[in-house]
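Structure, as structure tokens:
Please treat every number below as a calculation from the coordinates, not as lab data. Keep in mind that what you see is a predicted model, and the values were worked out from it rather than measured. All Cβ positions, even for glycine, are placed from backbone atoms using ideal geometry, and neighbour counts span all protein chains on display.
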Amino acid sequence: MLRRVCIALAGLLTASGCSEKAATDEAGFDVLADAADSHPEAEGTATVRSFANGTDVELSLRGLRPSTAYTAHVHDAPCDSSPVGGGHWQNDPDGGTGPDNEIHMPFNSYADGTAKVSAHSRHGEDEDMRAIVVHVDDVLDEYGMESDRVLCADLRPAG
């Protein structure tokens, strides 16, 4: 049974079975070909819970470059698209880029190359949320990376 933690207005956390059911997508990340040399052991999982009035995203990653800046985004196409994952998913396609219209998750990996990331967006469930792509903030030229995209996880099958 899916249980959701509800936040009371007073800021108190209470565990309860909320009446709103979430659509949950769980997926594993695959390292992308362009990042295979720079991130040979990168992997992880993504969990996305979408409600009518919001979306929660949790990432658990390992095999990243130590103490390195990354940003993960929800994307609008599957991982086998060109470019990988397509573009950033946008709540309003005419609403511009940025965290008010997209789901952005900037983070730094720990010294051991792991990261735990979570985000909440006020944007609800959308069938166009197709993948999550992890980008390294600085392309690693010493590895010949042509793209900043490192990992991709499909949330929904193509088609």
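Could you list the GluC sites (Glu not before Pro) in region 115-152 that lie in coil according to DSSP, counting only those with at most 14 other Cβ atoms within 10 Å of their Cβ?
GLU127, GLU146
So what's the convex hull volume per residue for the Cα atoms of region 53-159, in Å³?
105
Using label points projected 7 Å from each Cα along Cα→Cβ, tell me how many nm separate GLU127 and GLU41, to one decimal.
Here the modelled spin labels are 4.1 nm apart.
Where in region 50-159 are there trypsin sites (Lys or Arg not before Pro) that are in a DSSP coil and have at most 13 other Cβ atoms within 10 angstrom of their Cβ?
The qualifying sites are ARG122.
Give a residue-ordered list of calculated ³J(HN,Hα) values for region 33-48 (Karplus: 6.51 cos²θ - 1.76 cosθ + 1.60, θ = phi - 60°; whole Hz; x for Gly, Pro).
Per residue, the Karplus-derived 3J(HN,Hα) values read 3, 5, 9, 4, 6, 7, 9, x, 10, 5, 6, x, 9, 10, 10, 10 Hz.
In which sequence would VAL150, VAL139, VAL31 go, from the one with the fewest C-beta neighbours within 10 Å to the one with the most?
Ascending number of Cβ neighbours within 10 Å: VAL139, VAL31, VAL150.
With the crude spin-label approximation of a point 7 Å out along Cα→Cβ, what separation in nm comes out for ALA69 versus ASP112?
2.5
Tell me which GluC sites (Glu not before Pro) from region 33-82 have a DSSP coil assignment and no more than 14 other beta carbons within 10 Å of their own.
Here the sparse-neighbourhood loop sites are GLU41.
Taking amide H positions as placed in the peptide plane 1.01 Å from N, state which residues far from HIS75 in sequence (5 or more) or on other chains have amide H under 5 Å from it.
The answer is TRP89, ARG130, ALA131, ILE132, VAL133.
If R0 is 25 Å, what FRET efficiency do you get for TYR143 and SER82 from their C-beta distance, rounded to 0.05?
0.75
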